[in-house]
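The structure under discussion appears below in the form of structure tokens.
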Amino acid sequence: MATAQTLTLEDLPRYTVPPPETGPVLDVQVEHWRREGLALEHGDGVERDPVRAAELYCRAARYGDAEAQFNLAWMLTNGRGIQRDDAQAAHLFAAAAEQGVAQAQNMLRAMGTPRGAPPPCLRPPEADEVAAAPLPAAPNPAPGRVTVEPPWPPPPAHAPAPIVNFVSLVAPDFQLAPALVLAVMATESNFNASAVSPKNAQGLMQLIPDTARRFGVRDALDPAQNIRGGMAYLRWLLARFEGDVVLATAAYNAGEGAVERYRGVPPFAETRLYVRKILAHLGGRRTHPFDATVTPPSDLLPLMRGPGRWR
């Protein structure tokens, strides 16, 4: 029986190949909004309606659709049927550029660093509904009553027993609920200790080399080291964002800098889908106790808790 100190690859199920990585997958409804917006922008088979096109691009952009972000930014930059707004366009180009759209990267170099708050079209889609992956409803207590979070769920049914046992033993050392660690692990690697992503994120908790070094992990493919490193990062992020599971897990995926830059969940398809998966694993649980001595909170937290945050 593996102990908290000796979890090894030999203790874990064998995978013939790593789980395939297909990249961020947009819901078909989001893609439909973008395609409909494109047709309305150019009058392709329908009467041209740039205002409606911009509305549809905006809706898709909130789900992290990089093409919609670029298309809307282009309309704003050129005043194509809507009022020109270079400030909003720069933010939209930046979001598309960070998701790998080469033309957006070129435009951003010409426009410079975006200034001010991200526009509404990059806020999380709390007002929209996508049938395939709905957001859990946020608690709405009566005045004067304390919101009671749902209990932590049991481990995923397909989680290997050695991993569950290890996490259950070690998570308290990092002041973490095992359910949160297992939810991150399930979403990151689906419990494949040998997984390596195209960005060189490695192991069960998918640590990139910089994060591994930051938290003292010498061998990111050693399961015990990998899990401990991921736990250390999660503990740090929970302190940084004062126990907000949505912000902490968004930062685990995209980096705390991106969360602070966008003042909430970054408008990346991968990250917004990632957070939705985490919340589904946790049954909608959105808060976690945190140790304020680990790191000071983000200076931008008050802005992240204002209107437009992920509800």
How about segment 32-87: which GluC sites (Glu not before Pro) there lie in a loop by DSSP and see at most 16 other Cβ atoms within 10 Å? GLU47
Note: probe point = Cα of GLN103 + 7 Å toward Cβ; backbone nitrogen < 12 Å; residues of segment 72-88 passing the test are 72-75
Extending each Cα 7 Å along its Cβ direction at ARG218 and ALA157, get the distance between those two points in nm, one decimal. 4.1
On a full-extension model of 0.36 nm per residue, what is the gain between LYS199 and GLN175, subtracting their alpha-carbon distance, rounded to one decimal in nm? 5.8 nm
Give me the distance in nm between label points sitting 7 Å out from Cα along the Cα-to-Cβ direction at ARG35 and ASP85, one decimal. 2.8
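So what's segment 156-309 giving for Rg/Rh, alpha carbon basis, Kirkwood Rh from the mean inverse pair distance?
On the way: Rg = 14.5 Å, Rh = 15.4 Å.
A ratio of 0.94.
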If you stretched the chain out fully between ASN190 and VAL148, how much longer would it get, using 0.36 nm times the residue separation minus the C-alpha to C-alpha distance? 12.2 nm
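Any read-out appearing in this document is the output of simple, stated calculations on the displayed coordinates, not a laboratory observation. What you see is a predicted model; the values in this text were computed from it and never measured. All Cβ positions, even for glycine, are placed from backbone atoms using ideal geometry, and neighbour counts span all protein chains on display.
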